[in-house]
Amino acid sequence: MDTVVVKNLTKVFMQGADEVRAVNNVSFAIKKGEMVAIVGQSGSGKTTLLNLIGGIEKPTSGSVEIDGLAIKSADDMQMSKIRRRKIGYIFQDFNLIPILTAEENIIMPLLLDSKKVDKKRLRSVSSFLGISSRLKHLPSEMSGGQKQRVAIARALINQPSIILADEPTGNLDKKTADEIMQLLVEINRSGNTVILVTHEQKYADMCQRKIYISDGVVDEAQKSP
């Protein structure tokens, strides 16, 4: 079953009088439970493509379907609900709120969705990610790896079916980056669909499938050996 379907997706930006096609007529599908890497150099369009899948940006033309729902037709309130309930987003720069503790950052999606905090779920996710002892700390009191684990916990807390990870290892040292990637593999094995943006081939090789993008065009999709 396809959980993400991208059809003829195009995103055009204007740079002065010049038209830049950051994503150019892209089509592909991702099955439920897959772990897929979107691979490309800086400026290739991979982050824009991920943002279109996640509904953070709207396409110029074409469509994205999440579990059969065309998100282009969703208004801002509907899209916010889709992101909170179906999609967990992991950012390269963590995007934690600096004045909130790790626990407060993690449970924010629940509060925005007017849901009661499930303390058992919070403990389970925090234990899995190895941050149980950091929940009362502010982001300024944590290492880069700890911040990213908090960001992953925030992405997981609502039990979304899809995890979107935009260069989640980009601001981390090699050892920590390897640990974060292994966590993403484990998250995928638990049943989540994971879509990873990366320019690191070794991390792309940990995924079941790679989608290559260059100058906004998907030029190759293949299974990892």
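What follows draws every value from the coordinates through simple rules; no lab data is involved. All values reported here derive from a predicted model rather than from experimental measurement. Every residue, glycine as well, gets a Cβ built from its backbone with ideal geometry; the counts of neighbours run over all protein chains shown.
Taking every alpha-carbon pair under 8 Å whose residues sit at least 6 apart, region 75-201 reaches a relative contact order of 34 percent.
Relative to the dominant Cα principal axis of the chain, helix 76-86 is inclined by about 60°. Per-residue Karplus couplings for region 32-38, computed as 6.51 cos²θ - 1.76 cosθ + 1.60 with θ equal to phi - 60°, are listed in order as 4, x, 6, 10, 10, 9, 9 Hz, Gly and Pro entered as x.
Which percent, to the nearest 5, of DSSP beta bridges fully inside the chain are antiparallel?
Bridges in the chain are about 55 percent antiparallel.
Distances between placed amide hydrogens fall under 5 Å for residue 35 paired with 194, 208, 209, all partners being 5 or more residues away or on another chain. In a simple Cβ point-charge model (Lys, Arg +1; Asp, Glu -1; nothing else charged), the chain has a dipole of about 940 debye relative to its Cα centre. Once C-alpha pairs closer than 8 Å and six or more residues apart are averaged by separation and normalised to the residue number of region 2-223, the relative contact order reads 30 percent.
Of the residues 183, 40, 117, the one whose Cα sits farthest towards the positive end of the charge dipole of the chain is 117 (charges of +1 on Lys and Arg Cβ, -1 on Asp and Glu Cβ, taken about the Cα centre). Rounded, prolate or oblate: which fits the chain when a ≥ b ≥ c are the square roots of the eigenvalues of the alpha-carbon gyration tensor, with rounded for a/c under 1.5 and prolate only if a/b beats b/c? In terms of gyration-tensor shape, prolate.
With contacts taken as Cα pairs under 8 Å at a separation of at least 6 residues, region 162-225 carries a relative contact order of 29 percent. Residues in region 121-136 carry Karplus couplings, in order, of 5, 4, 5, 5, 5, 5, 5, 4, 8, x, 10, 4, 7, 10, 5, 9 Hz; the curve used is 6.51 cos²θ - 1.76 cosθ + 1.60 with θ = phi - 60°, and Gly or Pro positions show x. Karplus-derived 3J(HN,Hα) values for region 193-199, using 6.51 cos²θ - 1.76 cosθ + 1.60 with θ = phi - 60°, are 6, 10, 10, 10, 8, 7, 10 Hz; glycine and proline are entered as x.
Could you tell me which of the pairs 32/116; 136/175; 147/210; 81/115; 120/174 are separated by over 21 angstrom between their Cα atoms in the structure shown? Over 21 Å Cα-Cα: 32/116; 136/175; 147/210; 120/174. Under 5 Å between amide hydrogens, built in the peptide plane, is the criterion, and for residue 214 it picks out 219 among residues at least 5 positions away or on other chains. Dividing the summed helix terms, -39500 (n - 2.57) for each DSSP H run of n ≥ 4, by the number of residues in the chain produces a 222 nm estimate of -10000 deg cm²/dmol to the nearest 500.
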